[in-house]
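One structure is given below, represented as structure tokens, and several questions about it will come after.
The values are calculated or read from the model by the stated rules, or taken from the named source; none is laboratory data. What you are looking at is a predicted structure, and each value in this text was computed from that prediction instead of being measured. Here Cβ is always computed from backbone atoms with ideal geometry, including for glycine, and neighbour counts include all displayed protein chains.
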Amino acid sequence: MPSFAQLFRSRPGLKLQGQAVYLRPPRAADHRAWAELRSASRPFLEPWEPTWAENDLGRGAFRARLGAYERELETGEACPCFVFRKADDALIGAVRLFHVRRGVSQSGTIGYWVGQPYARQGLMSDAVATMIRFAFTGLGLHRLEAACMPENAASAALLLKCGFLEEGYAPAYLKINGEWRDHRLFGLVARS
């Protein structure tokens with residue numbers, strides 16, 4: 001199977017199409033829109049994310065991020081995508097399929113973030129559903145996993161809406177905003 005990078009390079013205009021959004025890998029030209037959205041949404045995002053580096057929104061940090069994304073795409077370990085609203089091509093957030101495991105597992109993990117102006121409009125549910133479809137039908141994965149902190153009711157509701165089932169609870173699962181935080185664990189198996 002071709003790497004994610006080969007797939008997107010062989011079809012340069014390839015976009016994963018949702019109903020109201022589309023997904024595609026980040027590009028250098030996205031820096032300004034990404035930095036502006038992340039900056040404006042910082043108080044909204046920080047409680048749910050790892051601690052932001054001091055220069056996190058700078059052009060150099062963004063280039064380093066793109067380099068890491070390209071390596072992940074090449075190895076097939078991850079498929080990072082920015083999410084755009086179809087109506088006006090506005091960047092609204094990102095969704096990432098990562099920890100892709102092949103062999104007997106055929107599984108991966110989904111993570112996402114949405115800018116505050118676009119939250120609770122159904123756009124990220126559309127984006128996650130689009131990535132799920134790509135993971136199962138485009139990549140042939142069998143199982144997807146996701147996690148969110150117990151107090152993030154909106155994220156849990158999004159996962160349940162997209163068909164995930166809650167499978168467990170992991171104490172001190174991820175270091176979020178400088179502290180080890182518990183997470184609810186969710187899973188989704190492809191329909192046979």
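Just the residues that are in a helix (DSSP H, G or I), crowded, with 17+ Cβ neighbours inside 10 Å and among the small types (Gly, Ala, Ser), please, taken from the stretch 134-164.
Passing the criteria: Ala135, Ser155, Ala156.
Which one is nearest to Ala119 (Cα to Cα), of the residues in the stretch 149-171 that are touching a strand residue (DSSP E or B) at 6+ places or on another chain (Cβ under 6 Å) and in contact (Cβ under 8 Å) with a residue 24 or more places away in the chain?
Ranking the candidates gives Ser155 first.
Something else: Hey, could you check the stretch 54-108 for residues that are of a type in the set (Lys, Arg) and part of a loop (DSSP other than H, G, I, E, B) and say which is surrounded by the fewest Cβ atoms within 10 Å (Cβ to Cβ)? Give the steps one after another, and end with the answer.
Kept after step one, since they are of a type in the set (Lys, Arg), are these residues of the stretch 54-108: 59, 63, 65, 71, 85-86, 96, 101-102.
Then keep just the ones that are part of a loop (DSSP other than H, G, I, E, B); that gives 86, 102.
Details: Lys86: 15, Arg102: 13.
Here the residue is Arg102.
Still on this structure: Residue check: is Gln19 under 19 Å from Leu159 (Cα atoms) and without any contact (Cβ under 8 Å) to a residue 24 or more places away in the chain?
When the stated conditions are applied, Gln19 does not pass them.
Filter the stretch 113-129 down to the residues that are closer than 14 Å to Leu188 by Cβ and surrounded by 22 or more Cβ atoms within 10 Å (Cβ to Cβ) and list them by number.
Residue satisfying the conditions is Val128 alone.
For the stretch 30-49, state whether one or more residues are at pLDDT 95 or above, within 28 Å of Tyr173 (Cα to Cα) and touching a Ser or Thr at 6+ places or on another chain (Cβ under 8 Å).
Within the stretch 30-49 (the criterion being at pLDDT 95 or above, within 28 Å of Tyr173 (Cα to Cα) and touching a Ser or Thr at 6+ places or on another chain (Cβ under 8 Å)), the answer is yes, since at least one residue qualifies.
Looking only at the stretch 165-184, decide whether some residue is over 18 Å from the mean Cα position of the chain (by Cα), basic (Lys, Arg) and not in a helix (DSSP H, G or I).
yes
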